[in-house]
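Every read-out reported here was derived from the displayed coordinates using simple, explicitly stated rules and does not represent laboratory data. Remember, it's a predicted structure, so these values are computed and weren't measured experimentally. Glycine gets a Cβ as well: all are built from the backbone with ideal geometry, and neighbour counts include every protein chain shown.
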Amino acid sequence: MSSPIVVIPARMASTRLPEKPLALIHGEPMIAHVWRRAAEADIGPVLVATDDERIVAAVEAAGGRAILTRADHASGSDRIFEAVSAVDAQGAHQIVVNLQGDLPTIEARAVRAAVAPLADEAVDIATLATPIARPEERDDPNVVKAVGTEVAPGRLRALYFTRAPAPWGEGALLHHIGLYAYRRAALARFVALPPSPLEKRERLEQLRALEAGMRIDIALVETAPLGVDTLADLQRAREMLAPEREKL
């Protein structure tokens, strides 16, 4: 496939966990952990797109590359589009992976899995989901559910995303993982669209793409990475990423 680039949007503002990208996990900022996981996926160059020079410095200290972007972006998708447009104006990278900067436990194989559905030329955007195993997640609005129809083993065509427990009836529910792989043209189209009615109602950006008739396919993975939004999440991430000698 056409030379992917992984872009990690990271902004300093966070109401629940101030300066979240710089929160230390075993002596290293969280954004450095995410950058390293993306680099381990080995699908292409990795770039952090941020609004703060302190994040740039942290990434560069870890050996990565970062770029300053505008501070007024409404979403991470807008931020990564600005970054890719700046560093790759010639369009060498025709697949753009949007990896959130608060997923320090993301597995490299999950990043690789997100790109796979784009081997099908009919797919505009690819993303991830995993079956919900914990009963309390079924009714948790913070756990977004993906609804789709199988098109190949381990791959679905997305029909809807919702904070409600869906679909109704017997069977597994899918926990959507907010990692996206865009075709470059699809990303350009997406960020040019206005927020859609269902997007605003559910507060889920991906519904904008579905309402515009864009195709999103879902690759199934075994587990969901931990998203760090609170101090409790941060402590859990520290426990999950502790060196083996500290877990004994």
Quote to one decimal, in nm, the extra length available between LEU24 and ALA108 on full extension: 0.36 nm per residue of separation minus the C-alpha distance between them. 28.2 nm
Using the basic label-point model (7 angstrom from Cα toward the beta carbon), what is the ALA119 to ASP140 distance in nanometres? 3.2 nm
Test of understanding: ordering TRP168, TRP35 by Cβ neighbours within 10 Å, fewest first, what list do you get? TRP168, TRP35
Between GLN90 and ARG70, what FRET efficiency follows from the Cβ-Cβ distance if R0 is 25 Å, with the result rounded to 0.05? 0.70
So for the pair ARG201, ALA172, with labels modelled 7 Å out along Cα→Cβ, what separation do we get in nm? 2.9 nm
Any chance you could check the Cα centroid distance between segment 17-59 and segment 132-159 for me, in angstrom? 28 Å
Using a simple charge model, +1 on the beta-carbon of Lys and Arg, -1 on the beta-carbon of Asp and Glu, nothing else, what dipole does segment 4-238 show about its Cα centre, in debye to the nearest 20? 100 debye
Below 8 Å between Cα atoms, with a sequence gap of 6+, how large is the relative contact order for segment 4-238 in percent? 23 percent
FRET efficiency estimate (nearest 0.05) - Cβ-Cβ, LEU159 to SER3, R0 30 angstrom: 0.50
